[in-house]
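Before any comments, here is the structure.
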Amino acid sequence: MESLNLIKNDPWLAPYEAAIEGRYQYVIDKEKSLTNNGKLTLSEMASGYLYFGLHKTTKGWVFREWAPNATAIYLIGTFNGWQKDNKYKLKRKANGIWEIALTDAQMCHEDLFKLLVEWDGGSGERIPAWTRRVVTRRRWGRIMNSVKIYCLV
């Protein structure tokens, strides 16, 4: 690797050349791994929140989570008595993505929820990675839509 211009232009950095170049190379390698060797931009890579998490749709709600080592995922919350229920079981998609589509009647504004994740050898309750609001005392995600209350049943 040719010496960085930063080091060439500042002789005081010469003693730290190896450390600076090592850190620079680490950043380059990390960017390549995050962007699939440049197939995505950093901006595209960082926009997962637009796809993952809970989103309002014209037909109700869609929820997506990335959990490549999970064997099953369930939404549990105030809408199902915090119980594992096959009506709230996510479907496994490609590349470790899990998804469920719900009607307005299945999930309401201000419902509390979290995930029950199962994996080989165990299971546990988790806060979704792309939750937009968390009630920290009780550790639940909360469905918030300030425009309209969606549960009228």
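The values are calculated or read from the model by the stated rules, or taken from the named source; none is laboratory data. Bear in mind the structure is a predicted one, so any value in this text is a computation, not a measurement. Here the Cβ is made from the backbone with ideal geometry for all residues, glycine too, and neighbour counts use every protein chain on show.
Of the conditions (1) assigned to a helix (DSSP H, G or I); (2) loosely packed, with under 11 Cβ neighbours inside 10 Å; (3) modelled with pLDDT under 90, E2 satisfies every one except a single condition; which number is it?
Just one mismatch for E2, condition (1).
Go over the candidates L54, L40 one by one and state the one that is touching a Ser or Thr at 6+ places or on another chain (Cβ under 8 Å), outside any helix (DSSP H, G or I), within 30 Å of L102 (Cβ to Cβ) and of a type in the set (A, V, I, L, M).
Answer to the check: L54.
Would the stretch 49-58 turn up any residue that is out of contact with any strand residue (DSSP E or B) (no Cβ under 6 Å at 6 or more places or on another chain), closer than 30 Å to I127 by Cβ, without any contact (Cβ under 8 Å) to a residue 24 or more places away in the chain and basic (K, R)?
Taking every residue of the stretch 49-58 in turn, none turns out to be out of contact with any strand residue (DSSP E or B) (no Cβ under 6 Å at 6 or more places or on another chain), closer than 30 Å to I127 by Cβ, without any contact (Cβ under 8 Å) to a residue 24 or more places away in the chain and basic (K, R).
Six or more apart or on different chains, Cβ under 6 Å: which pairs go from a residue in the stretch 96-120 that's farther than 20 Å from K59 by Cβ to one that's in a loop (DSSP other than H, G, I, E, B) and of a type in the set (V, I, T)? Could you list them?
Final answer for the pair search is K114/I127.
Give the residue, chosen from T35, T58, that is of a type outside the set (G, A, S), within 30 Å of V117 (Cα to Cα) and exposed (fewer than 15 other Cβ atoms within 10 Å of the Cβ).
Details: T35 fails: exposed (fewer than 15 other Cβ atoms within 10 Å of the Cβ).
Step by step, each of T35, T58 is checked, and only T58 is of a type outside the set (G, A, S), within 30 Å of V117 (Cα to Cα) and exposed (fewer than 15 other Cβ atoms within 10 Å of the Cβ).
Mind listing whichever residues of the stretch 72-98 are hydroxyl-bearing (S, T, Y), assigned to a helix (DSSP H, G or I) and either under 17 Å from the mean Cα position of the chain (by Cα) or modelled with pLDDT of 95 or more (or both)? I'd like the intermediate steps shown before the answer.
Here is the first cut: in the stretch 72-98, the residues hydroxyl-bearing (S, T, Y) are 74, 78, 88.
Now narrow it down to the ones that are assigned to a helix (DSSP H, G or I): 78, 88.
Result: Y88, single match.
How many residues are surrounded by 15 or more Cβ atoms within 10 Å (Cβ to Cβ) and either of a type in the set (G, A, S) or assigned to a loop (DSSP other than H, G, I, E, B) (or both) when one looks only at the stretch 99-126?
Final tally of qualifying residues: 7.
For the stretch 27-36, indicate whether the set of residues that are more than 17 Å from the chain's Cα centre (by Cα) and β-branched (V, I, T) is non-empty.
yes
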